[in-house]
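The values are calculated or read from the model by the stated rules, or taken from the named source; none is laboratory data. As the structure is a computational prediction, the values presented were derived from the model and not from experiment. Here the Cβ is made from the backbone with ideal geometry for all residues, glycine too, and neighbour counts use every protein chain on show. What goes into the accessible areas is simple: the full protein's heavy atoms, side chains included, and nothing from ligands, DNA or RNA. Shrake-Rupley method; radii C 1.70, N 1.55, O 1.52, S 1.80 Å.
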Amino acid sequence: MTITGTTKLLGVIGYPIEHSLSPVMHNAAIAALGVDYVYLAFPVKPAEFETAIAGLGASGVQGFNLTIPHKQLILPLLHETSEIAQAVGAVNTVWRTESGWHGTNTDVEGFLAPLQHLKRNWSQATATVLGNGGAARAVVAACTQLGFKAIHVVGRNPEKLQQFQLSWVRSPLTPPLSVYPWESLSIVLPQTTVLVNTTPIGMHPHVDQSPIREADMALLPPEAIAYDLIYTPRPTKFLEQSAKQGLKTLDGLAMLVQQGAAALRIWLQQDVPVDVMERSLGL
Ligand code: NAP
């Protein structure tokens, strides 16, 4: 890959951003395709976010991803926001148009791609989602799109849980949603088809922690799927426990690759080599 005066710029904006795996996987795909692009990481502090977005606009940047803490801050700066991003209330992918920046949320597509790969009928399925933060919103939108019969969201803060439920009232999506306090886990686990961890419990460096006690894990049906959004370590304690119980497991790295592939398809307007992106991250 030779960078010249015509090379077009893509990137990811976050703070901090040094840990991001996105430059590795995007540049691997760009090199395999032989297109004249490069993808870089931009550390942008929240206080400088608006100035940075105006600067990217003025300097011809073609598109960018957003990660913590910028996924909501971008919303008022967009000319157009996709319906799915409005439903989730967050944008992770932005591209340039003649009228201004357009944004969408590819975390939804990223989350559901590994489930679609299983080629199951989800119309009788129940998702139990641990946590009610930003990623949980993308998971609820994805399970709604897949046609899940029920979605249980389990959280530790009753006020935030209630706000989470209320926030869908004005949304273009109508998820089959119920919310539960953490103490009700033993009630929802036996009805669960897919158990999703969207909390950071078990993430590096707290690798010996799991959101679920081993005894509670045994309440899951034997055909249940355990899906952890965390991708460091691999596997997490949660997925280790699930595998020990014979459950099918999915981790956050496949989701990360799929949300990136969906973004790259938007920017390049062509198919992208998902296998190259996977291999660049050791999948
Ligand atoms: P977030 O908005 O901060 O939400 C985290 C949620 O976890 C909150 O609901 C929080 O509860 C809950 N939580 C945190 N610690 C807890 C604890 N000790 N016990 C019970 N609940 C706890 O974060 P996010 O953006 O949703 O990200 C969550 C995770 O998903 C992170 O590990 C992130 O790396 C991962 N993620 C992965 C991908 C991917 O592509 N694989 C994409 C997005 C996110 P409160 O609301 O009560 O504070």
Taking Leu56 and the conditions (1) over 16 Å from Arg137 (Cα atoms); (2) part of a loop (DSSP other than H, G, I, E, B), which numbered condition does it fall short on, given that it satisfies the others? (2)
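Is it the case that Pro175 is in contact with a strand residue (DSSP E or B) (Cβ under 8 Å, 6 or more places away or on another chain), part of a loop (DSSP other than H, G, I, E, B) and under 26 Å from Pro222 (Cα atoms)? Let's see the steps before the verdict.
Numbers: in contact with a strand residue (DSSP E or B) (Cβ under 8 Å, 6 or more places away or on another chain): yes; part of a loop (DSSP other than H, G, I, E, B): yes; under 26 Å from Pro222 (Cα atoms): yes.
Considered against the rule, which asks whether it is in contact with a strand residue (DSSP E or B) (Cβ under 8 Å, 6 or more places away or on another chain), part of a loop (DSSP other than H, G, I, E, B) and under 26 Å from Pro222 (Cα atoms), Pro175 comes out as yes.
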Name the single residue, out of those in the stretch 183-217 being loosely packed, with under 13 Cβ neighbours inside 10 Å and hydrophobic (A, V, I, L, M, F, W, C), that is nearest to Pro158 (Cα to Cα). Ile187
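Please find, within the stretch 17-52, the residue that is most open to solvent (accessible area, probe 1.4 Å) out of those that are among the β-branched types (Val, Ile, Thr) and more than 29 Å from Ile230 (Cβ to Cβ).
In this case the residue turns out to be Thr51.
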Hey, can you tell me all the residues within the stretch 253-267 that are within 8 Å of the ligand (Cβ to nearest atom) and touching an Asp or Glu at 6+ places or on another chain (Cβ under 6 Å)? Gln259
Restricted to the stretch 123-132 and to residues being over 17 Å from Leu173 (Cβ atoms) and under 15 Å from the mean Cα position of the chain (by Cα), the residue nearest to the ligand (Cβ to nearest atom) is Gly131
Residue pairs qualifying under the 9 Å Cβ cut-off, at least six apart or on distinct chains, with the first in the stretch 189-202 being more than 13 Å from Arg213 (Cβ to Cβ) and assigned to a helix (DSSP H, G or I) and the second being within 15 Å of the ligand (Cβ to nearest atom) and at pLDDT 95 or above, are Gln191/Thr128; Gln191/His152
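What number of residues within the stretch 82-103 satisfy the criterion of being closer than 14 Å to Leu173 by Cβ and either basic (Lys, Arg) or open to solvent by 20 Å² or more (accessible area, probe 1.4 Å) (or both)?
Initial filter on the stretch 82-103 (closer than 14 Å to Leu173 by Cβ): 82-90.
Adding the requirement that they be either basic (Lys, Arg) or open to solvent by 20 Å² or more (accessible area, probe 1.4 Å) (or both) leaves 82-84, 86, 89.
The total comes to 5.
In this structure, is Arg120 among the charged types (D, E, K, R), in a loop (DSSP other than H, G, I, E, B), more than 26 Å from Gln241 (Cα to Cα) and more than 20 Å from the chain's Cα centre (by Cα)?
On the way: among the charged types (D, E, K, R): yes; in a loop (DSSP other than H, G, I, E, B): yes; more than 26 Å from Gln241 (Cα to Cα): no; more than 20 Å from the chain's Cα centre (by Cα): yes.
So Arg120 does not fit the description; no.
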Within the stretch 37-54, is there a residue that is in contact (Cβ under 8 Å) with a residue 40 or more places away in the chain and either within 30 Å of Gly147 (Cα to Cα) or touching a Ser or Thr at 6+ places or on another chain (Cβ under 9 Å) (or both)? yes
Hey, can you tell me all the residues within the stretch 133-158 that are near the ligand (Cβ under 9 Å from one of its atoms), among the charged types (D, E, K, R) and surrounded by fewer than 24 Cβ atoms within 10 Å (Cβ to Cβ)? Arg156
